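Single-structure report; data block below.
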Amino acid sequence: MSNIKTITAITRSIDPETAAQELRQQLSDPHIAFVLFYCSSVYSLERLANNMASAFVDVDLVGCTTAGEITPNGYEQHSIIAIGFSASHFAISAQIVESMENFTLIDAQETINRLTENCYVKNLAAIKNNSFLLTLLDGLSADEEQFLVTLNSASGGIPHFGGSAGDDIHLATTHVFYQGSFYQNAAIVLMVNTTCAFEVFSCNHIKFPTSKVVVTDANADSRTVFELNAEPAALEYARLLNVTVEELSPELFALYPLAVKVGGQYYIRSIQKVNEEDLSLTFYCAVDVGIVLSTVVMDDIFTSLTSELTRMTSQYGEPELVLTCDCFLRRLEIEQREQLEQAKLLQQRYNIRGFNTYGEHIDGTHLNQTFTGVFIAGGNE
């Protein structure tokens, strides 16, 4: 059995052919049987798809576009990070769902059954208690909630996390990649069966709520709020922050989010954009008429995350890899607070790799402004 569990590769070349070759060279170990990659949308995706497929012809290949990459050098942009998984320690199966909108409970059950069977035949570890699910979704589809609820209902309690693809904050088109092609309005579901100890987790840094507002007019399908407290949504939100509508921006949304209370816990509902024609607000997560949203005071962004990572390291030992889906609004907050170096040191300390997302997934729930991932222990094998 190979001692290599995972290998991380990074390329900053914008030429698709060069980028693919650089990744292939770094992931040339013969035990690598599966590669997961996250790429900036700056690339020509058609060319990148062709070159990645050619470079990794003998390896299963899955990925998505990002709103930033998390590499061994910290937060980056306009790059590709790829993680290779050794067949000695990981049996990974992936399925594409080409239409998230039409995903039924029967589809979900068939997907889970196929993934389970494909991992089972590799005879690595018992499926139960040794497997987790990872989802990669089109981050602008507006179908994430229903898809994740449906998938979760068929998952049989297998722990699950994931992220919604980004496009470098252009909010135009986001893509997932499966076996040679990029897709829109699609989802990829992976089952990772492993001999390594692991824990799926999620954390945010909400400290406490302050002012409350009620959604009084909205379109749930487009996640657009037209009115808060019976006032144009952008005007009322700006009033709460004591700024003008013209000052509203992704950077401000990152620092002053709105949150909804569910089951005694607050979860952020991040704002995507202001629609200037009617001063409505479009969100990244589900919103509807009657929901009560709260402005919230945020804690230090590293406190809860450091606490979780410290706890898991104490429980499982040093991490082989912390694979993460980290909201791009968290990165914007870190940039504004000039904490990039602190983030980099934490990411390096715990081998954190992944991408900045337009939404995070945990056990069938779609979230915003969270750090969600899996802690994979290094062990002594």
Residues of the stretch 156-186 satisfying the condition of being closer than 29 Å to residue 42 by Cα and either touching a Phe, Trp or Tyr at 6+ places or on another chain (Cβ under 6 Å) or outside the structural domain of residue 40 (by the TED database) (or both):
164, 166, 175, 176
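Where in the stretch 9-80 are there strands (runs of 3 or more DSSP E), lying fully within it, with 1 or more residues that are in contact (Cβ under 8 Å) with a residue 24 or more places away in the chain and out of contact with any Asp or Glu (no Cβ under 9 Å at 6 or more places or on another chain)? Even if it seems obvious, please write down each step before you answer.
Numbers: elements: 32-39, 60-65, 69-71, 74-76.
Of the strands (runs of 3 or more DSSP E) lying wholly inside the stretch 9-80, those with at least 1 residues that are in contact (Cβ under 8 Å) with a residue 24 or more places away in the chain and out of contact with any Asp or Glu (no Cβ under 9 Å at 6 or more places or on another chain) span 32-39, 60-65, 69-71.
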Answer yes or no as to whether residue 334 is in contact with a helix residue (DSSP H, G or I) (Cβ under 9 Å, 6 or more places away or on another chain), open to solvent by less than 30 Å² (accessible area, probe 1.4 Å) and modelled with pLDDT of 95 or more.
yes
Kindly list, by first and then second residue, each pair from a residue in the stretch 296-315 that is within 29 Å of residue 212 (Cβ to Cβ) to a residue that is part of a loop (DSSP other than H, G, I, E, B), limited to pairs with Cβ atoms under 6 Å and residues at least 6 apart or on different chains.
298/205; 299/205; 301/205; 304/205
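Being among the hydrophobic types (A, V, I, L, M, F, W, C), more than 22 Å from residue 365 (Cβ to Cβ) and in contact with a Lys or Arg (Cβ under 9 Å, 6 or more places away or on another chain) narrows it down to one of 171, 124, so name that one. Talk me through it step by step, then tell me what you get.
Details: 124 fails: in contact with a Lys or Arg (Cβ under 9 Å, 6 or more places away or on another chain).
It is 171.
Among the candidates 313, 324, which residue alone is over 23 Å from residue 220 (Cα atoms), assigned by the TED database to the domain that holds residue 341 and not in a strand (DSSP E or B)? Let's see the steps before the verdict.
On the way: 324 fails: not in a strand (DSSP E or B).
So the residue among 313, 324 that is over 23 Å from residue 220 (Cα atoms), assigned by the TED database to the domain that holds residue 341 and not in a strand (DSSP E or B) is 313.
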Got a sec? Which of 106, 112 is farther than 23 Å from residue 326 by Cα, β-branched (Val, Ile, Thr) and out of contact with any helix residue (DSSP H, G or I) (no Cβ under 9 Å at 6 or more places or on another chain)?
106
Among (1) in contact with a helix residue (DSSP H, G or I) (Cβ under 6 Å, 6 or more places away or on another chain); (2) of a type outside the set (D, E, K, R); (3) not in a loop (DSSP other than H, G, I, E, B), residue 345 falls short only on (1)
Considering only the stretch 239-249, I want to know if a residue exists there that is in contact (Cβ under 8 Å) with a residue 24 or more places away in the chain and within 19 Å of residue 288 (Cα to Cα).
no
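Out of 274, 297, 287, 262, which single residue is farther than 21 Å from residue 248 by Cβ and of a type in the set (A, V, I, L, M, F, W, C)?
After applying the criteria, what remains is 262.
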Quick check on my filter: what residues within the stretch 273-300 are under 22 Å from the mean Cα position of the chain (by Cα) and surrounded by 21 or more Cβ atoms within 10 Å (Cβ to Cβ)?
283, 284, 285, 287
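The values are calculated or read from the model by the stated rules, or taken from the named source; none is laboratory data. What you are looking at is a predicted structure, and each value in this text was computed from that prediction instead of being measured. Methodologically, a virtual Cβ is constructed for each residue, glycine included, from the backbone with ideal geometry; neighbour enumeration extends over all protein chains shown. Side chains are part of the model used for accessible areas, which takes the heavy atoms of the whole protein and leaves out ligands, DNA and RNA. Shrake-Rupley method; radii C 1.70, N 1.55, O 1.52, S 1.80 Å.
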